[in-house]
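Enquirer: Next up is a structure, given as structure tokens.
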Amino acid sequence: MSRAAPRIAVLISGEGSNLQALLDAASAGKLGAGIGVVVSNRAAARGLERARDAGVPARFLGGKGITREAYDEELAALLTEHSPDLLVLAGFMRILSPKFVARFEGRILNIHPSLLPSYPGLDTHRRVLEAGERWHGATVHFVTVDLDAGPAVLQYRLPVRADDTVESLTTRVHVGEHFILPRAVEWFVGGRLRLENGSVMLDEQRLSQPVIMEE
């Protein structure tokens, strides 16, 4: 017997503001899925409290003293207990091993604070300001073995203002992240979005570029 709705697992490392956006969307019936478990690699992550407050199982899985491959084996085993249809990386600050990514191929989405493929990695807001970029934003993409290089699904784009600081830009990009991540998850669990032979398919159309939403 199939479940009434798909379930997702959310992986976090910190504050969990994107997790909160997903929890709010699920609570409002806008996500099309239930959140089955939230996992953090940091015990003090505020996101674990957010999950517990919402009645969602919250698990800490630390990785100190073990290899990345061993950690990912434990993570996969934990996730399998909850049978998720989709994994969402919402500020998860670990690089997943190729074996883990292959195990969940086509079922992992990540939110990244830049207009990928520009500015992969960390500290994107400072780097964008220092480079004098005119545009910045956030990207939801499928996860592949290459860091922040998986096919992009959806981007939120905003102009960089002359008076922007790292703090103000962070705040503005967060607004976009909280909008596009639930949207992409909704598309996936609703059967509209999938990864096929390395390409993003949305409503049975192959995307040549990500869907763009602007501030």
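The values are calculated or read from the model by the stated rules, or taken from the named source; none is laboratory data. From a predicted model like this one, the values you see are computed outputs, not experimental measurements. Every residue, glycine as well, gets a Cβ built from its backbone with ideal geometry; the counts of neighbours run over all protein chains shown.
Residues checked against (1) in the same structural domain as L96 (by TED's automatic domain parsing); (2) over 24 Å from A26 (Cβ atoms); (3) not acidic (D, E):
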position: A162; (1), (2), (3): no, yes, yes
position: E167; (1), (2), (3): no, yes, no
position: T170; (1), (2), (3): no, yes, yes
position: A184; (1), (2), (3): no, no, yes
position: F188; (1), (2), (3): no, no, yes
position: Q205; (1), (2), (3): no, yes, yes
position: E215; (1), (2), (3): no, yes, no
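Enquirer: Here's another thing I want to ask about it. Among residues belonging to segment 107-140 that are under 13 Å from the mean Cα position of the chain (by Cα) and over 20 Å from R161 (Cα atoms), point out the one that is surrounded by the most Cβ atoms within 10 Å (Cβ to Cβ).
Expert: Of everything passing the filter in segment 107-140, V140 is surrounded by the most Cβ atoms within 10 Å (Cβ to Cβ).
Enquirer: Right, T171: over 14 Å from the mean Cα position of the chain (by Cα) and within 20 Å of S17 (Cα to Cα) or not?
Expert: Answer is yes for this residue.
Enquirer: Let me ask something else. Mind checking which residues of segment 8-21 are outside any strand (DSSP E or B), of a type in the set (A, V, I, L, M, F, W, C) and in contact with a strand residue (DSSP E or B) (Cβ under 6 Å, 6 or more places away or on another chain)? Spell out the reasoning first.
Expert: Filtering segment 8-21 down to residues outside any strand (DSSP E or B) leaves 13-21.
Those left that are additionally of a type in the set (A, V, I, L, M, F, W, C): 19, 21.
L19, the sole residue that qualifies.
Enquirer: I've got another one for you. Can you tell which of V88, V56, V101 is in contact with a strand residue (DSSP E or B) (Cβ under 6 Å, 6 or more places away or on another chain) and either under 22 Å from L147 (Cα atoms) or not in a loop (DSSP other than H, G, I, E, B) (or both)?
Expert: On the way: V56 fails: either under 22 Å from L147 (Cα atoms) or not in a loop (DSSP other than H, G, I, E, B) (or both); V101 fails: in contact with a strand residue (DSSP E or B) (Cβ under 6 Å, 6 or more places away or on another chain).
Of the residues listed, the single one that is in contact with a strand residue (DSSP E or B) (Cβ under 6 Å, 6 or more places away or on another chain) and either under 22 Å from L147 (Cα atoms) or not in a loop (DSSP other than H, G, I, E, B) (or both) is V88.
Enquirer: Follow-up. Tell me yes or no: at least one residue of segment 76-84 is modelled with pLDDT under 95, at positive phi, part of a loop (DSSP other than H, G, I, E, B) and surrounded by fewer than 21 Cβ atoms within 10 Å (Cβ to Cβ).
Expert: yes
Enquirer: Sticking with this structure for a sec: Could you list, in sequence order, the residues of segment 32-53 that are outside any strand (DSSP E or B), under 19 Å from the mean Cα position of the chain (by Cα) and not hydrophobic (A, V, I, L, M, F, W, C)?
Expert: As a first pass, look at segment 32-53 and keep what is outside any strand (DSSP E or B): 32-33, 41-53.
Applying the additional criterion that residues be under 19 Å from the mean Cα position of the chain (by Cα) yields 32-33, 41-42, 45-51.
Across segment 32-53, the qualifying residues are G32, N41, R42, R46, G47, E49, R50.
Enquirer: Does R52 satisfy the condition of being exposed (fewer than 13 other Cβ atoms within 10 Å of the Cβ), among the basic types (K, R) and over 23 Å from G121 (Cβ atoms)? Give the derivation first.
Expert: Numbers: exposed (fewer than 13 other Cβ atoms within 10 Å of the Cβ): yes; among the basic types (K, R): yes; over 23 Å from G121 (Cβ atoms): yes.
Here the answer is yes, as R52 does meet what is asked.
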